[in-house]
Ligand SMILES: [Mg+2]
Ligand SMILES: [Mg+2]
């Protein structure tokens, strides 16, 4: 489908072209850029509201700064569509987030304007500071670095760590705080309140009001003039401004807050700032979804709405004649409420993903027992540990790839202390369009190496519910990981009664001959499909849903390894050190010599695409599993033919 | 050896006993407690200066708060000796940090007064907040939670994350900021400057001076009286105080700074604070090493000085007649300078461990190319990535167990982008007396699962140097991990010329028969000793120093697996998912069926002790390796006897 850009945008193939325009024309560029984003995202999908909020900022930055020599780092990066469109990717933007197409995030290999790959939050200040320090070291005095970071990203500790360093590093780095009071969900925490406070009524304003109030009561007369009072006020203004700001406490020069949708003001301010040396922060206030009324009104819904009718605002939903399986996320969300209603010790924690994880169901119904702590995975885990020391049963829901940020806290605060925190690892395995930064590829190995961990994965909705139920039982005395993928399960009728599972016990789903498939989690369904496919060919694999990668079901493994020469393992995680490796370790320990084929995410960076495309590419969708089984059997047959006497 | 406590301390077996004393007697308790710490640490070793700095705080907290019902969380915990001595562990403190003895850190399994196990920094606020939220949820209104955190720990992001939450959580948590301007080395960063600023001349003081200056110039007379001026000042004092503080910006009530060695003031202040609801922060100023003059003067040296003569202050050093092997740390430190002198792209980064890592050598010599960024592992890694985008060759030195805190940054900012950052993982493997929180047990699996990583370990000093040299070559285009243990290597004559190593190539050290030992890193020396031991018994294992856990040396592995039926792997890391597992994965891929025994850190929490004790306990010291080889050979012989026709 043809999506024509506006007449000015049409001419912009690089920031060079943008710079040829007059400042007055930038209004129109912003309008056209906004319109183009709406046009493309409505029919091709992707993140939406965040990029609309920084249209003016994107234009102003490329207008004022000498990109790519000056280095621009977008935090998280789902707001960088305008940046991409302005930097030579207007046409290719139609392939945004599609298999082999543009990444939905800045990416170094995609463009020299993408100075730093992003996806996770709060990395931008560290990266930009590194660039600024390098420029300083190399004597590139005219080279500037800019980090654009949201108020949500600012709550993660590493942003603070970077500011703590930037304040003393004597480098030319500009931090632009894009303050829209939002993460994906509304931003939370003391910092957010503080930012709102200084935006809507800066400390200076408060003080001034009180000063005037006080001075107004002073007897102005011949000796004490209004002019003197003004002088007094000016002095206090200076002092208060100097000392009142959180960022200035960290030795960053603070500018703002200014309206982030006033392109003229932005261009003027950035032009000034470009020449001010040292570390500094510009606070701009923007509206997420700016320019698309519905998005401004419901910013969470329009964060990444899927396809929609840009005129009516109708978000297209697939319609089905038969009941569909729910999302694992929603099963988690509803089951939390059931568990919490039955067990007063149950609590829920999410670091800034109430909607994505569906913990919001519980947060709405039980606001004192379920919390969003902001983009703070580290704190989320140790807070959960603190709650667990008091006997509470905390479900800490963190996406697999974001859990990477709290790895130490899981080791140090939970596992070593044997605290029975429940980690629900949402979006475990490949995640699809968000790509490499978001794939939950590594959690099986990175958790499996930690002592005391229980690591489970449900093959379907009922299993998820039963694992959740088991995790919060008094008899469960260790940290309990439940990993499940993004998206739909397989059970339209999912609300079955809750039943305890024996920890470390898997399920034999079917017996077979010669070959057994050992699956872990949802890909068990791919294995089941593969088995159906193979049936017609006379190949009959056994199938075990192992359920636990740690502790392994020794009994079931002995059975499988004794009964079947050939073993195929399937998991939605890296083939290095994961569930398949656990089976190999078990075999080495017990002297088994079976042939083993490990299927899962290969040991390389897997790019973005639909889940279907990626499962196929990675070789663990149903056809690939069937082919692996066939291949093993062929080798087996070949061996028999070669040694007919055996 | 008998170490008698003073007469008051003698009577204190729990905080109950402490509370029986009068406030006036607390001075003497502090003196005796301080003396007892000096007496014990001088002859038994351990952390020193930190505990001396919080003697008064420890006494005051247990005097005022109702511990253990009120919950006290010590950040890091190496300063908690006073706390341990006051809470029933006076006698057992003589076993501090010894095998099977007291832990050098608070530990839940050791005492009900140790509410939260610590060791890594900056977890205390999250944990204490969790406890406070639990108390609130349970309606325990009289129950208080206190976190004691140093100014160094405050620089780590997770402390900020926790404050961001605490400020809005409406729970009774008190944060005590123990500000001594130190981590192990002097604290760095903007926050430290800010704290010094508000301690030595609080913003209020500055403003007051200027106000008085200004008001002094005002024509005080009949109408504008000195009293009015005072009123004006009072009003400004209130306003400025309210708005000037970084912590108050985060909605924490700020108290202080007060002298942390004034026991009376501490007791009075804490007594007041105990009754003030909500989240609050008390800023106390202390001197690390307080009361031991030499420690006050050189706080880094006396952080953990080893054994010393408490009278003369002489720190005992072992004396040797022959040249000794250097510490790996010092080899790293000196080699950094050599590399940096030859290659202007080389930079060094440490998060708060300049002395421990020996990066300080380079920091002193090349202050613009080597940096301490504070206790900020996350920032350290992403900053390194930012520098690497500019073509610089950054050696980011982080202890293995602290690297756990930057796992996501390694995945997301370094590995996915294929940036050739060099990670020197100091203190990899078991670390000895610091125990479970500090063992570098997990880095092989947690790094091995990440694509693009090169993971190496030197068997000796020369290998370390050559790996470092190789890592910074232009031809090295991927992230490069070099893991090495705490302490001495094996080469007194270590300063050999630097030579490039082929990435992914190991070394065949000796051929043998039947069995091959594949070792990774320093434990190769244990393997060599085992082989010497076995020689007398007619057992002749081959020995391969594999050097790289990723990529594996396929050629060498094919050779070993084809030539020897029995394989023993040895590594200074967990047996789950580590180097041994990598060998198993290789075998599965290529259809090898050798018998494999994997030696390394077992899959459980390993407690503290000397390295020798722990290597023995974990079964990979020389005798244990020899025994594993014997055992494999016995099985082999048994199998031959059982099947003589084979
Ligand atoms: Mg935001
Ligand atoms: Mg300190």
Unit-weight point scatterers at every alpha-carbon of the range A:363-448, Debye formula, q = 0.20, 0.22 1/Å: log10 I(q)/I(0) is -0.93, -1.08
Counting partner chain Cβ atoms within 10 Å of every residue's Cβ in A:188-198, what's the average?
5
Among beta bridges that DSSP assigns inside chain B, antiparallel share in %, nearest 5
15 percent
At 7 Å along Cα-to-Cβ for each site, give me the label-to-label distance between residue A:309 and residue B:24 in nm.
8.7 nm
Taking 7 Å along the Cα-to-C-beta vector as the label spot, tell me the residue B:109-residue B:264 distance in nanometres, rounded to one decimal.
4.5 nm
Arrange the peptides B:276-283, A:355-362 so that the one whose residues have, on average, the most other Cβ atoms within 10 Å appears first.
A:355-362, B:276-283
What the 10 Å binned alpha carbon P(r) of the range A:410-506 shows, as percent of pairs per bin from 0, is 15, 44, 32, 8
Angle between chain B longest axis and helix B:263-273 axis [Cα atoms, degrees, rounded to 10]
80 degrees
Compute the Kirkwood hydrodynamic radius of the range A:59-197, taking the inverse of the mean of 1/r over all pairs of distinct Cα atoms, and give it in Å to one decimal.
15.6 Å
With N denoting the number of residues in the range A:557-601, provide Rg(C-alpha) divided by 2.2 N^0.38 Å, to two decimal places.
1.08
With eigenvalues of the C-alpha gyration tensor scaled by 5 and rooted, the range A:42-116, Å:
19, 14, 10
Largest first and to the nearest Å, give the Cα extent of the range B:437-553 along each principal axis.
46, 33, 32
Reference-scaled alpha-carbon Rg (2.2 N^0.38 Å with N residues) for the range B:314-375:
1.30
If all Cα-Cα distances of the range A:1-139 are sorted into 10 Å bins from 0 onward, what percent lands in each bin, rounded to whole numbers?
12, 44, 34, 9, 1
What is the angle, in °, between the Cα long axis of helix A:461-471 and the longest principal axis of the Cα atoms in chain A? Nearest 10 is fine, range 0 to 90.
80 degrees
Given a Förster radius of 25 Å and the C-beta distance between residue A:540 and residue A:593 as r, what FRET efficiency does 1/(1 + (r/R0)^6) yield to the nearest 0.05?
0.65
Taking r as the C-beta separation of residue B:91 and residue B:138 and R0 as 45 Å, the FRET efficiency to the nearest 0.05 is 0.80
Averaged across the residues of B:168-179, what count of C-beta atoms belonging to other chains lies within 10 Å of each residue's C-beta?
1
Determine Rg/Rh for the range A:280-349; Rg is computed over alpha-carbon atoms and Rh is the Kirkwood hydrodynamic estimate from the same atoms.
1.15
Equivalent ellipsoid, the protein assembly as shown (semi-axes from 5 times Cα gyration tensor eigenvalues, Å):
49, 41, 30
In the range A:444-491, if every C-alpha pair distance is counted and binned at 5 Å from zero, what percent goes to each bin?
5, 20, 28, 21, 18, 7, 2
Can you tell me the orientation of helix B:124-138 relative to chain B, as the angle in degrees between its alpha-carbon axis and the longest Cα principal axis, to the nearest 10?
70 degrees
Across peptide A:585-593, how many C-beta atoms of other chains are within 10 Å of each residue C-beta, on average?
5
By per-residue mean of other Cβ atoms within 10 Å, what is the highest-first order of A:369-375, A:63-69, B:622-628?
A:369-375, B:622-628, A:63-69
Once you compute Rg and the Kirkwood Rh from C-alpha atoms, what is the Rg to Rh ratio for the range A:265-403?
1.11
Using alpha carbons only: equivalent-ellipsoid semi-axes of chain A, gyration tensor based, whole Å
51, 29, 22
Per-peptide average of other Cβ atoms within 10 Å, ordering A:139-152, A:91-104 highest first
A:139-152, A:91-104
What are the principal axis extents of the Cα atoms in the range A:493-601, in Å, biggest first?
42, 35, 26
Given R₀ = 41 Å, what would the calculated FRET efficiency be for residue A:493 paired with residue A:562, taking r from the Cβ atoms and rounding to 0.05?
0.70
Ordered shortest first, which distances in nm separate the 7 Å Cα→C-beta label point of residue A:112 from those of the other copies?
6.9
Could you work out the helix-only [θ] at 222 nm for chain A, with each DSSP H run of four or more residues adding -39,500 (n - 2.57) and the total divided by the number of residues, to the nearest 500 deg cm²/dmol?
-12000 deg cm²/dmol
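Where a number appears in this text, it was derived from the coordinates with a stated rule and is not lab data. Because the structure is predicted, anything quoted here is derived from the model rather than measured. A quick note on method: Cβ atoms are made from the backbone with ideal geometry, for glycine too, and the neighbour counts reach across all protein chains shown.
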